[in-house]
Amino acid sequence: MKRLFLKTLYFVFIRILRIFKPISIGVRIMLVRDDQVLLVRHSYMDEWFFPGGGAKKHEALDETARREALEEVGARLGNLELLGIYTNFFELRTDHIAVFICRDFTYTGAKDWEIESIELFPFNALPENIAPGIARRIKDYLNGTQPKDGFGNW
């Protein structure tokens, strides 16, 4: 019941954003350790994602990455490397997403209300229901490719 309520709330929230905030910028953090990647599943979505979220006013993107990692999985990040900046045109919105890689982190697994599951997956055993954009970023990482000029489509 809680999951249905959160999915409905998320659906309404996205529709409101489409009207009042049609352009957004946020981050995703690829946390990599021992040939594994940390993924999260939100309480209102069925797919696995990197931790991340939207930037707040007057917040630099690296600060957003550090805040979101701490809030969503209890992670403290060391060195961050920019994989690229991607654009997503979804549901009549324009999202700009900076994807960072962090190999130097600690995490407690402490999660906030929106995270249902946190798990480290081996790169050769990723879940079937991984979000398509996340799967493409993992492929980019494993192939050593980055978007041309640092920018690409989500």
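With the condition kept exactly as written, say whether any residue in the range 99-112 is at pLDDT 95 or above, within 16 Å of ARG33 (Cα to Cα), of a type in the set (Asp, Glu) and under 16 Å from the mean Cα position of the chain (by Cα).
In the first step, residues of the range 99-112 are kept if they are at pLDDT 95 or above; the result is 99-106.
Within this subset, residues satisfying the condition of being within 16 Å of ARG33 (Cα to Cα) are 100-106.
Then drop every residue that is not of a type in the set (Asp, Glu), which leaves 104.
With the extra rule that they be under 16 Å from the mean Cα position of the chain (by Cα), the set shrinks to none.
No, the range 99-112 contains no residue that is at pLDDT 95 or above, within 16 Å of ARG33 (Cα to Cα), of a type in the set (Asp, Glu) and under 16 Å from the mean Cα position of the chain (by Cα).
With the structure loaded, tell me whether ILE25 is farther than 13 Å from CYS102 by Cα and in a strand (DSSP E or B) or whether it fails that test. Don't jump to the end; show me each part of the working.
On the way: farther than 13 Å from CYS102 by Cα: yes; in a strand (DSSP E or B): yes.
Taking the combined requirement at face value, the residue satisfies it.
Between a first residue in the range 51-64 that is closer than 17 Å to THR87 by Cβ and a second residue that is modelled with pLDDT of 95 or more and of a type in the set (Ser, Thr, Tyr), which pairs have beta carbons less than 7 Å apart while being 6 or more apart in sequence or on different chains?
These pairs meet every condition: ALA55/THR64.
Give the range 117-148 a look and list any residue that's farther than 16 Å from ILE29 by Cα, of a type outside the set (Ser, Thr, Tyr) and either open to solvent by 70 Å² or more (accessible area, probe 1.4 Å) or without any contact (Cβ under 8 Å) to a residue 12 or more places away in the chain (or both), or say none.
Hits for the range 117-148 are ASN124, ALA125, GLU128, ASN143, GLY144, LYS148.
Mind checking which residues of the range 122-135 are of a type outside the set (A, V, I, L, M), touching a Lys or Arg at 6+ places or on another chain (Cβ under 9 Å) and not in a loop (DSSP other than H, G, I, E, B)? Can you show your working first?
Initially, the range 122-135 is screened for residues of a type outside the set (A, V, I, L, M), giving 122-124, 127-129, 132-133.
Narrowing further to those that are touching a Lys or Arg at 6+ places or on another chain (Cβ under 9 Å): 127, 129, 133.
Hit for the range 122-135 is GLY133, nothing else.
Which ones in the range 55-90 are acidic (Asp, Glu), open to solvent by 60 Å² or more (accessible area, probe 1.4 Å) and either part of a loop (DSSP other than H, G, I, E, B) or closer than 20 Å to ILE134 by Cα (or both)?
Our first condition is that a residue be acidic (Asp, Glu); within the range 55-90, this holds for 59, 62-63, 68, 71-72, 81.
When the remaining residues are screened for being open to solvent by 60 Å² or more (accessible area, probe 1.4 Å), the result is 62-63, 71, 81.
Passing the criteria: ASP62, GLU71, GLU81.
Identify all residues within the range 91-121 that are assigned to a strand (DSSP E or B) and among the polar types (S, T, N, Q); write none if there are none. It would help to see each step written out before you state the result.
Step one: of the range 91-121, the residues assigned to a strand (DSSP E or B) are 93-102, 105-107, 115-121.
Selection gives THR94, THR106, SER117.
The values are calculated or read from the model by the stated rules, or taken from the named source; none is laboratory data. If you're wondering where the values come from, they're calculated on a predicted model, not measured in any experiment. All Cβ positions, even for glycine, are placed from backbone atoms using ideal geometry, and neighbour counts span all protein chains on display. Note: accessible area is taken over every heavy atom of the protein model, side chains too, but ligands, DNA and RNA are not part of it. Shrake-Rupley method; radii C 1.70, N 1.55, O 1.52, S 1.80 Å.
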